[in-house]
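The numbers here are math on the coordinates, done by the rules we state, and not lab data. Because the structure is a prediction, the values reported are computed rather than measured. Glycine gets a Cβ as well: all are built from the backbone with ideal geometry, and neighbour counts include every protein chain shown.
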């Protein structure tokens, strides 16, 4: 059952926000994604055409006063 | 049939014994039989640095066969660093070669009168003179052995100068960065004046059902290569945990003072490493995942350095923990630790501790012999391993463990800032925001360690049906819930025990992802190789038996419930952010620990009861059969 | 003449996982014994180099020229070099002659050579990085392999 879950559309073509766990669907080749739930921005890396992974925070999404969002 | 070799370095006598199939089936090789052998060959209360301590080098039951990633070696002994059960697992290619030479376990006791190394080839064990190797670093030692034996295919385990000088956290090394790091087993090897173990084998390993083995292994390999985690690890290697674990709270920086690693954002990142430093990927024996990087620093202060790595403890330790946001500094410090044969995590913990003392003004450059200990200082990080290995200056102060270091510094308040857990091993991460993971790590028999009990599936937000299917019982998917987590930790610990006994690499198991190996897949290969008809329940019980044998060793040494308690820093609540107020509450942890002991059949102190021992056939130990 | 499909090696892609040796010995000898595999992956750990050595079916095979009893023959139709195990006298001249070190001597004294598993080589199926491929012969692949292969003893002698 773990295998079917891991192959499903639920797991591919989307990433999870690393801060709050929200599922973020992606278009093919999308480079950055914004989490509507917690406001974090992530850079996406495509391991292969249908396997996206969160790479890191987008640095420019720190708050204007210099405070960090986490 | 692979044998056990007993080597006494004092009398230079070597004897061998076959492994009875019944005992092999009860414990399996690798970590399992090593736990049994250590319990039988080492008496209660001996000094770990004495000749009576045993160093046990073990191959897994399935090492050397055609199956993915069964190439790991397990090294066991009474730890010179903590004084309790010590063991460590090392990758590379040593264990299959040991099986091809005809041996599955080496039990090394005594102490040689001069530096020696073992040369094992096709059933013969020679004790050779290592005076031409003593005093050289791990790279040079291996090169010299390959030249002396005129064969680049010899597989080697060795120690560096740190192990020779009996630094308490020295480790056993292979290749450029493969390490049996924790619990100071390099010091144990050095105390026996054993510089290296070299092996070359050309025998074969017959399988009871070769056709079935071929079919099963090829099918598992094809399945594994299509999983998501395999594709990610094949490209990113050991940088994958770095991406995932920072957000999870498994990383703390500046000696655990700050949650996460905010100063490393933008500099210590996966894409920066892959662009600037990565050269190619290497693999351990039998593994298609090839997760190990080779790097070269082309510019900057450390230009020209080449090496192998990085892996988890370099990023979390020499990066986050010491407040260093630059890859090249971390890699250069790793290179120094690799050469001198030091455990990277203990080294990073010591440096981070000293840096916090410097930050708080408790020590200054008079205490540090002129070294600057600001957070992330690159000279100190790259130079200190050499000083420790030579026992000079600041290195002499920290070479014998934290208690001695506090005495030598003459600052009793410094002890407050060295974070350790029950059995004396350094804290890995305060683990305030999970429940099964701290339980699994803290109750591990060598001290708190993620490789013995981390429950990675706790934070993956899996559907409850998937969790129940994997663990066999309902598991609460909330990482902050306390119920059902004792069973999650138990199942995971037994899985890792079986995996270490077979010689399998944890990155192919549910350590990494839910669709990789549990108990079923190694069981298929095991039954095809040995011809047994072992069931999944029996394999689960093997894991339980291994776990209880290790626990018996610690109970015999007098370790009880206090060895499973968290470090005080874990009980400090997180401030700010989405996990504000979360901590590892001691009373709730204690209740979960009681539930855990009851599941195992142990008493309130965590010692196995006579009924449990009888059920697992351990009531007659030590039986001295092997 | 039709291009022959051959084993093509790119040593730069080899990670040294040794799965090719294991599957070769299990398929051919029914036991896991890399010393008896027809393919061998030589490693130099400190330098960070891996060299897979296997028969690449040379256009003008040195082993065929040197074999006194003609146990090694190049088949004109397929282009593959075949070793007749019955004719072989185990004089080991071919082991010395092969520039790739592809003909091997087992610990029991047998001479062994890859026979491409009757046209469907197993090692190609398990190689993750495609360092071994079974494809049509192209001259530049062979040059890359030849440049990469240096034996350890040669290295020591050259530097001494």
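Under the definition of Cα pairs under 8 Å and six or more residues apart, what whole-number percent is the relative contact order of chain B? Before the final figure, lay out the partial values.
Working: 1337 pairs, mean separation 94.9, N = 626.
Relative contact order here is 15 percent.
The relative contact order of the stretch B:236-417 comes to 17 percent, based on Cα pairs under 8 Å that sit 6 or more residues apart.
With R₀ set to 22 Å, the beta-carbon distance separating residue B:571 from residue B:244 gives a calculated FRET efficiency near 0.30.
How would you classify the stretch B:219-328 from its alpha-carbon gyration tensor, with a ≥ b ≥ c the square roots of the eigenvalues: rounded for a/c under 1.5, else prolate if a/b is greater than b/c, otherwise oblate? The shape class here is oblate.
Based on DSSP H runs of at least 4 residues, each adding -39500 (n - 2.57), what is the mean residue ellipticity at 222 nm of the protein assembly as shown after dividing by all its residues, to the nearest 500 deg cm²/dmol? Don't skip to the end; give the middle numbers.
Numbers: 31 runs with 291 residues, N = 856.
Result for the protein assembly as shown: -10000 deg cm²/dmol, rounded to the nearest 500.
For the stretch B:291-363, a Kirkwood radius taken over Cα pairs fed into Stokes-Einstein (37 °C, viscosity 0.692 mPa s) yields D = 257 µm²/s. For the stretch B:56-78 versus the stretch B:462-521, the spacing of their alpha-carbon centroids is 21 Å.
Please work out how much length the chain gains when fully extended from residue C:90 to residue C:115, using 0.36 nm per residue of separation minus the C-alpha to C-alpha distance, in nm with one decimal. Walk me through the numbers on the way to the answer.
Details: separation 25, 0.36 × 25 = 9.00 nm, distance 1.76 nm.
Residue separation times 0.36 nm, minus the Cα-Cα distance, leaves 7.2 nm.
Per residue and in cubic angstrom, what volume does the convex hull of the Cα atoms of the protein assembly as shown have?
So the per-residue Cα hull volume is 167 Å³.
Counting neighbouring beta carbons within 10 Å and listing from fewest to most, the residues B:620, B:591 come out as B:620, B:591. Each residue, residue B:303 and residue B:623, gets one label point 7 Å from its Cα in the Cβ direction; the gap between the two is 6.5 nm. Can you give me the Cα centroid spacing of the stretch B:297-343 and the stretch B:79-153 in angstrom? About 26 Å separates the Cα centre of the stretch B:297-343 from the one of the stretch B:79-153. Each residue, residue B:226 and residue B:46, gets one label point 7 Å from its Cα in the Cβ direction; the gap between the two is 5.2 nm.
For chain B, what does the alpha-carbon gyration tensor say about shape, rounded, prolate or oblate, given a ≥ b ≥ c as the root eigenvalues, a/c under 1.5 as rounded, and a/b over b/c as prolate? Numbers along the way, then the final one.
Working: a/c = 1.30, a/b = 1.10, b/c = 1.19.
Since a/c stays below 1.5, the shape of chain B is classed as rounded.
Across the stretch B:3-200, the mean sequence separation of Cα contacts (distance under 8 Å, 6 or more residues apart), normalised by length, yields a relative contact order of 23 percent.
Classify the stretch C:5-159 as rounded, prolate or oblate from the Cα gyration tensor: take a ≥ b ≥ c as the square roots of its eigenvalues, call it rounded if a/c is under 1.5, otherwise prolate when a/b beats b/c and oblate if not.
Details: a/c = 1.29, a/b = 1.21, b/c = 1.06.
Because its axes are fairly even, with a/c under 1.5, the stretch C:5-159 counts as rounded.
In what order do B:182, B:575, B:72 fall by count of nearby beta-carbon atoms within 10 Å, going from fewest to most?
Neighbour counts put them in this order, fewest first: B:575, B:182, B:72.
Legend: mean number of C-beta atoms from other chains within 10 angstrom of residue C-beta atoms, peptide C:10-19, equals 6.
Annotation: for a label point projected 7 angstrom from Cα along Cα→Cβ of residue B:10, no residues of the stretch B:542-574 have a backbone N closer than 13 Å.
Quick one: Kirkwood hydrodynamic radius for the stretch B:399-486, alpha-carbon pairs, angstrom, one decimal? One over the average 1/r among Cα pairs gives 14.9 Å for the stretch B:399-486. Under the simplified labelling scheme, the residue B:18-residue B:122 pair shows an inter-label distance of 2.2 nm, with each label point 7 Å from Cα along Cα→Cβ.
Sorting the segments B:319-331, B:43-55, C:24-36 by their mean number of nearby beta carbons within 10 angstrom, highest to lowest, gives B:319-331, C:24-36, B:43-55. Against the compact-protein benchmark of 2.2 N^0.38 Å, the Cα-based radius of gyration of the stretch B:487-626 scales to 1.25.
Just counting partner chain Cβ atoms within 10 Å, what average do the residues of peptide B:355-366 show around their Cβ?
Neighbouring Cβ atoms belonging to other protein chains average 0 per residue here.
Ordered by the count of other Cβ atoms within 10 Å of each Cβ, fewest first, B:15, B:59 give B:15, B:59.
A Förster radius of 35 Å, combined with the Cβ-Cβ distance separating residue A:59 from residue B:364, puts the computed FRET efficiency at roughly 0.50.
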